[in-house]
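The values are calculated or read from the model by the stated rules, or taken from the named source; none is laboratory data. Keep in mind it's a predicted model, so treat the numbers as computed, not measured. Cβ placement follows ideal geometry from the backbone for every residue including glycine, while neighbour counts extend to all protein chains displayed.
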Amino acid sequence: MFIAVPGRRTPDRLQHKTVAAAVADSLRQRILNGELRPGVQLRQDALAEEFGISRIPIREALLQLEAVNLVKIVPHRGAVVTGLSLEEVEDIFRLRVQLEPQLLPLSVPHLTDEDFQDLRAVQKAYGEALSGGEIMRWGELNRRFHFDLLRHADRPRSLTIVSGLLQDCDRPTRLQLQATGDIARAHAEHAQILDLCEARRIEEAAEALRGHIVSVGVCLVAIYRDGLARL
């Protein structure tokens, strides 16, 4: 929360922004770890009471969460936690399969030794997070690994789209890993893709990336369909 500096008066606007950022971060974690499920209504008055603050920073926090598509502010209902439909999941992975394997061959030739060191560090952290059950880090590290492989493709529009798709995959990716327990496979597939890229076996790397995205997508679609079938 906000910490005032002794002897210095902080403008109310700055204080509200600082508190709002802290509230947004707290709610973000609760949404991403599944504590706040899709469809849950976030009432400003209840949140203000919970955090012990006014509704102004609460409102700002909810706007921040809406900007990253974690909540949707609905007339007469307030903020509601968002989720992905089956059709949206299918569409996200269809687009990823089209874009990522095409961008990889454009990026890999420009990856430096330092880039590969960074990717190895992300891969190591990802493996540790998976084996340690650090659920909150899974989506972030998965996103970083995929995007950092593609970042030198010099296709800014495509990379912007991919970045958004990977962001949207954050919660579904953790859902898939938790539901299937297929942690070793996820780590091994990332390692294989990275090994092929570093060996400059680019076509094989692109095909391995394609297969990885397809397998995760198929698994997630099955999870979503099973969930719908139980409703």
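Numbers at a glance
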| item | result |
| --- | --- |
| Within the range 112-128, tally of residues that are surrounded by fewer than 18 Cβ atoms within 10 Å (Cβ to Cβ), within 17 Å of A199 (Cβ to Cβ) and charged (D, E, K, R) | 2 |
| Qualifying residue in the range 186-201 (condition: assigned to a helix (DSSP H, G or I), basic (K, R) and under 25 Å from V108 (Cβ atoms)) | no |
| Any hit, the range 30-47, residues being out of contact with any strand residue (DSSP E or B) (no Cβ under 7 Å at 6 or more places or on another chain), loosely packed, with under 15 Cβ neighbours inside 10 Å and at pLDDT below 60 | no |
| Options S107, S158, S131; residue that is touching a helix residue (DSSP H, G or I) at 6+ places or on another chain (Cβ under 8 Å) and loosely packed, with under 15 Cβ neighbours inside 10 Å | S131 |
| Enumeration of residues in the range 49-97 that are of a type in the set (S, T, N, Q) and surrounded by 15 or more Cβ atoms within 10 Å (Cβ to Cβ) | Q64, T82 |
